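Notes for the one structure printed next.
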Amino acid sequence: IQERVFFAGFLKDLSPFWRSLDLFILTSLWEGFGYVVLEAMLAGVPPVAFAVSNIPDLVRHGENGLLFPLPHEPEAATPATFADLRAVAQDILAEAGTPEQRQALGRQSRTLAKRFDQKKAMDTLEHLLLDRK
């Protein structure tokens, strides 16, 4: 596996990691909020993910990344599962196969990710909690 996978170990600064990616592919079958997708987006790396949990709130297919339905029977490897995944791979190549396509998705990802600004969220929450009108 070492010929195909690089195990980076602990990284104090993730900036070089994010800059090294063309796409960020999240294969989770379930996610809480999807912070790692948001991190990729903030780094300008277009995310590719399954439409699970709240990921569709972050990823807009063809606009800032690619979003796919879960393959049939994801827990069990079946011929249908592999056919679904081959279709996903073909769609990824069709929609994000060129540097220009990935860069356009990445720019939009970064723009959309900025709406999750922590200070803005806290200011809004404070206003809601303290506004007694």
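Where a number appears in this text, it was derived from the coordinates with a stated rule and is not lab data. Every value quoted in this text rests on a predicted model; they were computed, and no experiment measured them. Here Cβ is always computed from backbone atoms with ideal geometry, including for glycine, and neighbour counts include all displayed protein chains.
May I ask you to evaluate 6.51 cos²θ - 1.76 cosθ + 1.60, the Karplus curve with θ = phi - 60°, for each residue of region 8-22 and list the ³J(HN,Hα) values in order in whole Hz, giving x for glycine and proline?
Those phi angles translate into 6, x, 6, 10, 5, 10, 8, 3, x, 4, 4, 5, 7, 9, 8 Hz.
Which distance in nm do the two modelled labels at R107 and A87 give, with both placed 7 Å along the Cα-to-Cβ direction?
3.2 nm
Which trypsin sites (Lys or Arg not before Pro) does region 1-47 hold that lie in a coil by DSSP with at most 13 other beta carbons within 10 Å?
The qualifying sites are R4, K12.
What is the local net charge at L105, summed over the other residues whose Cβ is closer than 9 Å to its Cβ (Lys, Arg +1; Asp, Glu -1)?
Here the charged neighbours net out to 0.
If we count GluC sites (Glu not before Pro) as exposed when they sit in a DSSP loop and have at most 15 other beta carbons within 10 Å, what is the longest stretch of the chain that avoids them all?
Formally, the longest exposed-site-free interval is 4-62.
If you filter region 8-42 for chymotrypsin sites (Phe, Trp or Tyr not before Pro), then keep DSSP loop positions with at most 14 other Cβ within 10 Å, what is left?
For chymotrypsin sites (Phe, Trp or Tyr not before Pro) across region 8-42 that sit outside H, G, I, E and B with at most 14 neighbouring Cβ atoms in 10 Å, the list reads F10, W30, F33.
In whole Hz and in residue order, list the ³J(HN,Hα) couplings for region 104-117 that follow from phi through the Karplus curve 6.51 cos²θ - 1.76 cosθ + 1.60, θ = phi - 60°; x for Gly and Pro.
Calculated HN-Hα couplings, in order: 5, 4, x, 4, 5, 4, 4, 4, 5, 5, 5, 6, 9, 4 Hz.
Roughly what would the spin-label model give for L14 and T27, points 7 Å off Cα along C-beta, in nm?
Each label point lies 7 Å from its Cα, and together they span 1.9 nm.
Working out 0.36 nm times the residue gap between K120 and F7, then minus their Cα-Cα distance, what length gain in nm do you get to one decimal?
Values: separation 113, 0.36 × 113 = 40.68 nm, distance 3.60 nm.
So the chain would gain 37.1 nm between K120 and F7.
Which of these values of Kirkwood radius over Cα pairs in Å was calculated from the structure shown: (i) 16.5; (ii) 14.8; (iii) 17.1?
Checking each listed value against the structure points to (i).
If each DSSP helix of 4+ residues adds -39,500 (n - 2.57) and the sum is divided by the residues in the chain, what number results at 222 nm, nearest 500 deg cm²/dmol?
-14000 deg cm²/dmol
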